[in-house]
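Visitor: Before we start, here is the structure in question, set down as structure tokens.
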Amino acid sequence: MLTTDTMLRVLVVEDHTTFAELLTAALDRERDLVSVGHASNGAEGVAMFAELRPDVVLMDVQLPDMDGFTATAQILAMSPQARVIMLTAHVTPDAIANAAVSGVCGFLAKDGHLADLLRIVRVAQNGGLAVDPGLVTRVVGQTPNPLRPLKRPLSERELSVLVHMADGKDVATIAHELRISSHTGRGHVKSVLSKLGAHSQLEAVVIAVRMGIVQIRGEAAKTAGH
């Protein structure tokens, strides 16, 4: 039986009281998740993170005192390994572009399915990429300008890692499926980010989709042309 010490602890930063209450209640109904608190603005969210050190933060983009990206930057400056999932009611190219470079591990629309959000909280805590593939596809379609080609091509192994990243898998799962060590898997992820000029897994996937290196179809990512 799971105890409070072994459950995933989630902080909700959201200024819409009804949505926040519904979300925290949903978290508390799960046997392996628990809400540790609700902040109604960015400053309060940063302070609560410092005090509570949750496993995952669900962060609204639009807050009354600062935007969610600013609050996230303060959290990551305090704890670079923090896992922050950005939630938004308005999906725009600018929003996902900001999310991609901000260091968040996920970007989700508020009008998505609750079951998907809860699943992605678990993926994010395990080090995976928490992103709705449909959002990436939609936003990439609104930003058709091609990017410059890679200066250094991805190796076959790095491409395999990138495809798994686009499928939302954590490094441990990628390593297991590719039959490599977790240390080697982390090295491949770091190399992929470097070659794509990305600061996060989310940004790497967005760049790769725009370049046609991978395609996202539903919850699976396939190599382009296959």
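The values are calculated or read from the model by the stated rules, or taken from the named source; none is laboratory data. What you are looking at is a predicted structure, and each value in this text was computed from that prediction instead of being measured. Quick reminder, even Gly has a Cβ in these numbers, built from the backbone with ideal geometry, and neighbours come from all protein chains shown. The area values use the complete protein model at the heavy-atom level, side chains included, leaving out ligands, DNA and RNA. Shrake-Rupley method; radii C 1.70, N 1.55, O 1.52, S 1.80 Å.
Visitor: Quick check on segment 46-68: of everything there that is among the small types (Gly, Ala, Ser) and in contact with a Ser or Thr (Cβ under 9 Å, 6 or more places away or on another chain), which residue is nearest to Met86 (Cα to Cα)?
Guide: The residue in question is Gly68.
Visitor: Okay, next question. Test of understanding: among Thr18, Thr24, Thr70, which residue is in a helix (DSSP H, G or I) and within 27 Å of Ala166 (Cα to Cα)?
Guide: Thr70
Visitor: When only residues in segment 76-99 that are part of a helix (DSSP H, G or I) and either within 15 Å of the chain's Cα centre (by Cα) or over 20 Å from Gln125 (Cα atoms) (or both) count, which is modelled with the lowest pLDDT?
Guide: Across segment 76-99, the extreme among qualifying residues is Pro93.
Visitor: Please pick out the residue among Leu76, Leu108, Leu52 that is surrounded by 21 or more Cβ atoms within 10 Å (Cβ to Cβ) and aliphatic (A, V, I, L, M).
Guide: Unique residue meeting the criteria: Leu108.
Visitor: Here is a follow-up. Would a scan of segment 96-103 turn up a residue that is closer than 27 Å to Val205 by Cα and surrounded by fewer than 17 Cβ atoms within 10 Å (Cβ to Cβ)?
Guide: Yes, because at least one residue in segment 96-103 is closer than 27 Å to Val205 by Cα and surrounded by fewer than 17 Cβ atoms within 10 Å (Cβ to Cβ).
Visitor: Would you mind finding the one in Gly45, Gly68, Gly37 that is surrounded by 15 or more Cβ atoms within 10 Å (Cβ to Cβ), on the phi > 0 side of the Ramachandran plot and out of contact with any His (no Cβ under 8 Å at 6 or more places or on another chain)?
Guide: Testing whether each residue is surrounded by 15 or more Cβ atoms within 10 Å (Cβ to Cβ), on the phi > 0 side of the Ramachandran plot and out of contact with any His (no Cβ under 8 Å at 6 or more places or on another chain) leaves just Gly37.
Visitor: I'm told Leu117 meets every condition in (1) part of a helix (DSSP H, G or I); (2) open to solvent by 70 Å² or more (accessible area, probe 1.4 Å); (3) at pLDDT 65 or above except one. Can you identify the failing condition by its number?
Guide: (2)
Visitor: Considering every residue within segment 3-13, establish whether at least one is acidic (Asp, Glu) and at pLDDT 95 or above.
Guide: No: segment 3-13 contains no residue that is acidic (Asp, Glu) and at pLDDT 95 or above.
Visitor: Kindly evaluate Ser79 against the criterion of being closer than 21 Å to Ala198 by Cα and touching a Ser or Thr at 6+ places or on another chain (Cβ under 8 Å).
Guide: No.
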